[in-house]
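The values are calculated or read from the model by the stated rules, or taken from the named source; none is laboratory data. Predicted model only: the values in this text are computed from it and were never measured. Counting neighbours? That spans all protein chains shown, and the Cβs are built from the backbone with ideal geometry, glycine included.
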Amino acid sequence: MGIYDKYVLPKILNMVMQTPDLTKLRAALVPMAKGRVLEIGIGSGLNLPFYDKQVKVTGVDPSAELQVYARDLARDHAIDVEFVTDTAEALASENNFFDTAVVTWSLCTIPNATDTLLEVHRVLKPGGKLIFVEHGRAPDAHVVKWQDRLNPTWRKITGGCNLNREPDQSLIDTGFTIDHLDQGYLRGPRWATYNYRGVAQPNK
Ligand SMILES: C[S@@+](CC[C@H](N)C(=O)[O-])C[C@H]1O[C@@H](n2cnc3c(N)ncnc32)[C@H](O)[C@@H]1O
């Protein structure tokens with residue numbers, strides 16, 4: 001890992017992931033998490049202030065640098081978090097263990113989103129919920145053209161984030177039923193701000 005990815009990118013990510021639009025979505029969705037919670041790509045822990053105090057969170061993220069911020073937030077907000085530096089594509093948890101999984105703006109970056117969702121499917125209990133907020137492929141052809149063009153450069157400066165993934169289709173392909181889905185642009189450049197948010201459950 002180079003100096004940029006190790007020392008500069010974590011600071012940038014922690015800052016840009018705190019815009020008012022993103023914080024509003026965290027506040028709307030994260031409080032729905034109940035019981036044993038798996039957070040995939042917990043990053044700097046920006047969802048932690050919005051959890052119900054009763055939950056027990058397992059936070060998976062290979063970035064030890066981002067976890068420094070997340071540990072502070074867990075302490076400040078009195079949230080019980082076990083931090084794990086595994087990758088989401090190969091979780092150590094047993095089958096049917098979690099009541100809720102949470103993933104926010106990470107399926108874009110995790111190298112293999114399909115393997116990740118198959119793992120989430122495996123470790124969620126029957127009737128468990130996956131709460132998701134992701135950016136991805138826009139519905140407008142002229143925006144998609146720019147997403148595809150910019151993606152190789154964007155990936156290099158953002159630690160591997162993709163502009164043009166389709167999280168809703170990935171959920172269906174990996175055996176989830178989407179109970180609720182809202183889609184739309186947030187403020188900012190359209191190629192970076194088309195968001196998918198909602199709740200899905202594993203077909204079991
Ligand atoms: C854009 S950040 C989002 C962080 C956080 N979810 C949020 O909402 O602020 C993407 C996160 O995915 C994490 N990530 C990358 N590869 C991963 C993997 N294989 N497994 C789990 N997390 C991964 C990164 O370390 C980073 O924390």
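Here Pro152 does not fit the description of being more than 18 Å from the chain's Cα centre (by Cα), at pLDDT 95 or above and farther than 24 Å from Tyr4 by Cβ.
In the range 24-41, of all residues being at negative phi and near the ligand (Cβ under 10 Å from one of its atoms), the one that is surrounded by the most Cβ atoms within 10 Å (Cβ to Cβ) corresponds to Glu39. Checked against the criterion of being within 30 Å of Ile3 (Cβ to Cβ) and of a type in the set (A, V, I, L, M, F, W, C), the range 170-186 has no qualifying residue. Of all residues in the range 58-80, those being buried (at least 22 other Cβ atoms within 10 Å of the Cβ), in contact (Cβ under 8 Å) with a residue 40 or more places away in the chain and more than 9 Å from the ligand (Cβ to nearest atom) number 1.
Among the residues of the range 42-85, those that are farther than 16 Å from Lys6 by Cα, out of contact with any helix residue (DSSP H, G or I) (no Cβ under 7 Å at 6 or more places or on another chain) and part of a loop (DSSP other than H, G, I, E, B) comprise Lys53, Gln54, Val55, Ala78. Please specify each residue of the range 9-41 satisfying the condition of being hydroxyl-bearing (Ser, Thr, Tyr) and in a helix (DSSP H, G or I). Selection gives Thr23 alone. Residue pairs, Cβ under 8 Å, 6 or more apart or interchain, first in the range 139-161 and within 16 Å of Asn195 (Cα to Cα) and without any contact (Cβ under 8 Å) to a residue 40 or more places away in the chain, second outside any helix (DSSP H, G or I) and more than 16 Å from the ligand (Cβ to nearest atom). List them. Matching pairs, first to second residue: Val144/Arg137; Val144/Ala138.
Here Pro10 clears all of (1) surrounded by fewer than 18 Cβ atoms within 10 Å (Cβ to Cβ); (2) over 15 Å from the mean Cα position of the chain (by Cα) except the condition numbered (1).
Among the residues of this structure, Tyr51 does not count as one that is over 26 Å from Thr114 (Cβ atoms) and modelled with pLDDT under 95.
Please verify whether the range 82-93 includes one or more residues that are modelled with pLDDT under 95, of a type outside the set (D, E, K, R), surrounded by fewer than 21 Cβ atoms within 10 Å (Cβ to Cβ) and within 13 Å of the ligand (Cβ to nearest atom). Yes - at least one qualifying residue is present in the range 82-93. Within the set of pairs 6+ apart or on separate chains, which have a first residue in the range 1-29 that is in contact (Cβ under 8 Å) with a residue 40 or more places away in the chain, a second that is basic (Lys, Arg), and C-beta atoms under 7 Å apart? Close Cβ pairs satisfying both conditions: Asp21/Arg187; Leu25/Arg197; Leu29/Arg197.
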